[in-house]
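Peer 1: This structure is in structure tokens; I'll ask about it shortly.
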């Protein structure tokens, strides 16, 4: 179960009802027309889970159990979602195979990650929607050279590509007859975690991706049946405060949620930071925080700084960990003995509640999502929750939620610098 | 060398000269009067480095070489700076002892970190300026119970406390005759990395902390001699745009800088998010990004979203790593072959330049800091650079840069929940 609650007032006026109705209609049409594809992933990606199951039997390296490590080569939408799910589930599940991420064009990071791997035990998954991402291609070439991967011979089974059908990377995969999974054309990178992009590596790692899709599908169905009115209301509230509360903070009370907040930052920032049809710059600035740590970092600004922020708290009801603060008193440092004998689970959630209450008293609009416990089902629901929220706010702002024209200029400048 | 450059216009009008002169006078007086203590740390903490050198000989556990791991128990200002320096220097230096951080009240994280340690090989450093931080005290008690630490007996040498003189934790340390280092009263938590807070664990880890202090001192001296006018001008620019460019992004092009950006977020947010003397909420919202990764996440919002942001790029001129993109062409994915044969060092810095140029074309005010290479001296200078910048902007805003009254309310609410 996900629990939703809020401490901001929403009247539900006639005008607001209209805004919500229209946004619901827009995204229902995106869904039914097939123009936007992420809505179909909870159902459609079941076939990918099955295909990976078949691969695990047919690929001799996987079947023989020699593969203990998976190198995921991808960046942005081709890594953030995988890392988000991985960081959460690895707290609960003993993985069959470890995931290693090659993302950044940082030479120290690439060298370090390479040093952890041995060719014999590793499978390489290259992920790029467009097929031409410079970090991904450059790192892939480096790995081919470093590990002497023979794509036309002994190492053909060691490489998987995930990309759009017909992309350059897809043609490359076809040329070498590599195992290939495709991302539906109508699924954007930052909405692609439930496509092959996420499902293939997460399944190979040993996570229950069927349950992930089930959790996503359950929330999606409930929303389109009209049962998640709170989500429409939250979208409407955020939309109406687009200029006055331009910064949206996700304050997550668990270390394992840090990569989820990074996934959210991309989804929110890249989808909603746009020039609208009238030429105005609109956009919401996402910020990810981790509690209780960032109470000691960012909270002061939230309380006393400009009231230009909304805050969403995510907490985990049960960490399924009973580590306790011992019931002992240390001479002179007795001030926090009031928490003695309680679990850290109780402490961190009480800190979340107290911080939230202090923001409410300071007139900051807050809401909360309580995750019953960390499992695939809940994470799937959380993914769809944020994707739907993003689509709704984008529809209300009347922008194109799904493109990213602003990132092209830098690529052109880079190209011009070298390509003479 | 640190290189500074900028792409925003600053006229240096008479009014601006006055603002800069006055702010310089304010912080010069903070320094000379001894009211604010961080200015004295580059000089004053040399004694701490020396004291740790003596400890390494006198403490039988350190002297015998049995200690391979150091558990740092602290949060906020008592961990962020240590992590920032550690993440950078560990890319270059083989550590004598590994650092492990206990920060958050997250039960999964605490359990995991505990599981990595064995009592025999571990030294525990408890850091809390006030001496009453609930996460730190609770985790310390948990570690005492878990590792059966006998403070009045065999394990006395295994625990170090770092705190304000006279604090509850200080009295506790005195009671058990533990090794103790003190933080000067006039040094705030978020300005304390160059005090014993950072110097003790970083020296024990094996880093050149003398050089760290030297780098900090060199920049500090240069500033107070009037040689760093660019810093005053940047502070003035940020101050004058406090309401129109309220979000300040630090875009760091190296994974190893991620913890430095987190340190900056605390320093900037907690220092400058304040209610001023006239009752107005002022404040700057800090955001830390990592390049090139976040080009695929946040850049779209920077380019097309509201023009309410300034961006500072940090890049590393030489990673001292010659990993190259091989000069091979892969069939169909030749599009980025223009970068073939170049180092990743060249690629990541070219990406930084190109992204910056694209922001300049989009009328975003940007500036840049180029770090010649990663070493203690440069990191020390970077720390002081940001501390001085924070103090200058705070002086211009006429707020108290050094307190954090806003975080108390949540603590009271938490206390009231349990203490009956």
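Peer 1: Confirm whether residue A:261 is closer than 22 Å to residue A:283 by Cα and modelled with pLDDT under 95.
Peer 2: Spelling it out, it is not the case that residue A:261 is closer than 22 Å to residue A:283 by Cα and modelled with pLDDT under 95.
Peer 1: When segment B:234-244 is examined, which residues are found to be in contact (Cβ under 8 Å) with a residue 12 or more places away in the chain and out of contact with any helix residue (DSSP H, G or I) (no Cβ under 7 Å at 6 or more places or on another chain)?
Peer 2: Hits for segment B:234-244 are B:237, B:240, B:241, B:244.
Peer 1: Here is a follow-up. Is it the case that some residue within segment A:106-118 is within 23 Å of residue A:192 (Cβ to Cβ) and more than 14 Å from every other protein chain (Cβ to nearest Cβ)?
Peer 2: No, because not a single residue in segment A:106-118 is within 23 Å of residue A:192 (Cβ to Cβ) and more than 14 Å from every other protein chain (Cβ to nearest Cβ).
Peer 1: If you don't mind, there's one more thing I want to ask. Here's a check for you: in segment B:32-83, which residue that is more than 13 Å from residue B:191 (Cβ to Cβ) and within 14 Å of chain A (Cβ to nearest Cβ) is surrounded by the fewest Cβ atoms within 10 Å (Cβ to Cβ)?
Peer 2: Only one residue tops the list, namely B:83.
Peer 1: Restricting attention to segment B:100-114, report how many residues are surrounded by fewer than 23 Cβ atoms within 10 Å (Cβ to Cβ) and either touching a residue at least 12 places away in the same chain (Cβ under 8 Å) or under 13 Å from the mean Cα position of the chain (by Cα) (or both).
Peer 2: Residues meeting the conditions: 4.
Peer 1: Name the helices (runs of 4 or more DSSP H) wholly within segment A:1-99 that hold at least 3 residues that are over 25 Å from the mean Cα position of the chain (by Cα)?
Peer 2: By residue number, A:14-33, A:46-58, A:60-63.
Peer 1: Would you confirm whether or not segment A:381-392 contains a residue that is surrounded by fewer than 18 Cβ atoms within 10 Å (Cβ to Cβ) and either within 30 Å of residue A:325 (Cβ to Cβ) or more than 21 Å from the chain's Cα centre (by Cα) (or both)?
Peer 2: No, because not a single residue in segment A:381-392 is surrounded by fewer than 18 Cβ atoms within 10 Å (Cβ to Cβ) and either within 30 Å of residue A:325 (Cβ to Cβ) or more than 21 Å from the chain's Cα centre (by Cα) (or both).
Peer 1: I've got another one for you. Hand me the list of helices (runs of 4 or more DSSP H) wholly inside segment A:130-205 holding 2 or more residues that are within 14 Å of chain B (Cβ to nearest Cβ) and either under 24 Å from the mean Cα position of the chain (by Cα) or in contact (Cβ under 8 Å) with a residue 40 or more places away in the chain (or both).
Peer 2: It comes to A:134-146, A:168-175.
Peer 1: Separate question: Can you name the condition, by its number, that residue A:332 falls short on among (1) touching a strand residue (DSSP E or B) at 6+ places or on another chain (Cβ under 9 Å); (2) on the phi > 0 side of the Ramachandran plot?
Peer 2: Failed condition: (1).
Peer 1: Can you tell me which residues in segment B:391-420 are within 21 Å of residue B:185 (Cα to Cα), more than 7 Å from every other protein chain (Cβ to nearest Cβ) and assigned to a loop (DSSP other than H, G, I, E, B)?
Peer 2: Correct list: B:399, B:400, B:401, B:402, B:403.
Peer 1: Suppose we filter segment A:367-376 for residues that are surrounded by fewer than 22 Cβ atoms within 10 Å (Cβ to Cβ) and either more than 21 Å from the chain's Cα centre (by Cα) or under 26 Å from residue A:27 (Cα atoms) (or both); how many remain?
Peer 2: Adding up the residues that qualify gives 4.
Peer 1: Filter segment B:317-366 down to residues that are more than 9 Å from chain A (Cβ to nearest Cβ) and closer than 30 Å to residue B:241 by Cβ and give me whichever is surrounded by the fewest Cβ atoms within 10 Å (Cβ to Cβ).
Peer 2: B:363
Peer 1: So, one more: So residue A:379 passes all but one of these: (1) in contact with a strand residue (DSSP E or B) (Cβ under 9 Å, 6 or more places away or on another chain); (2) within 30 Å of residue B:174 (Cβ to Cβ). Which condition number does it fail?
Peer 2: (2)
Peer 1: Residues B:302, B:272: which one is within 8 Å of chain A (Cβ to nearest Cβ) and under 20 Å from residue A:265 (Cβ atoms)?
Peer 2: On inspection, the qualifying residue turns out to be B:302.
Peer 1: Looking at segment A:308-316, can you tell me whether even one residue there is free of Cβ contacts under 8 Å to residues at least 60 places away in the same chain, in contact with a strand residue (DSSP E or B) (Cβ under 9 Å, 6 or more places away or on another chain) and facing chain B (nearest Cβ under 9 Å)?
Peer 2: Looking through segment A:308-316, none of the residues is free of Cβ contacts under 8 Å to residues at least 60 places away in the same chain, in contact with a strand residue (DSSP E or B) (Cβ under 9 Å, 6 or more places away or on another chain) and facing chain B (nearest Cβ under 9 Å).
Peer 1: Could you tell me which of the residues A:302, A:289 is in a helix (DSSP H, G or I) and touching a residue at least 12 places away in the same chain (Cβ under 8 Å)?
Peer 2: The unique qualifying residue is A:302.
Peer 1: How many residues, within segment A:254-278, are within 28 Å of residue A:372 (Cβ to Cβ) and part of a loop (DSSP other than H, G, I, E, B)?
Peer 2: 1
Peer 1: List the number of the failed condition for residue A:20; all other conditions in (1) assigned by TED's automatic domain parsing to the domain that holds residue A:141; (2) under 30 Å from residue A:357 (Cα atoms) hold.
Peer 2: The failed condition is (1).
The values are calculated or read from the model by the stated rules, or taken from the named source; none is laboratory data. Computed from a predicted structure; not experimentally measured. Positions of Cβ are backbone-derived with ideal geometry, glycine not excepted, and every protein chain shown enters the neighbour counts.
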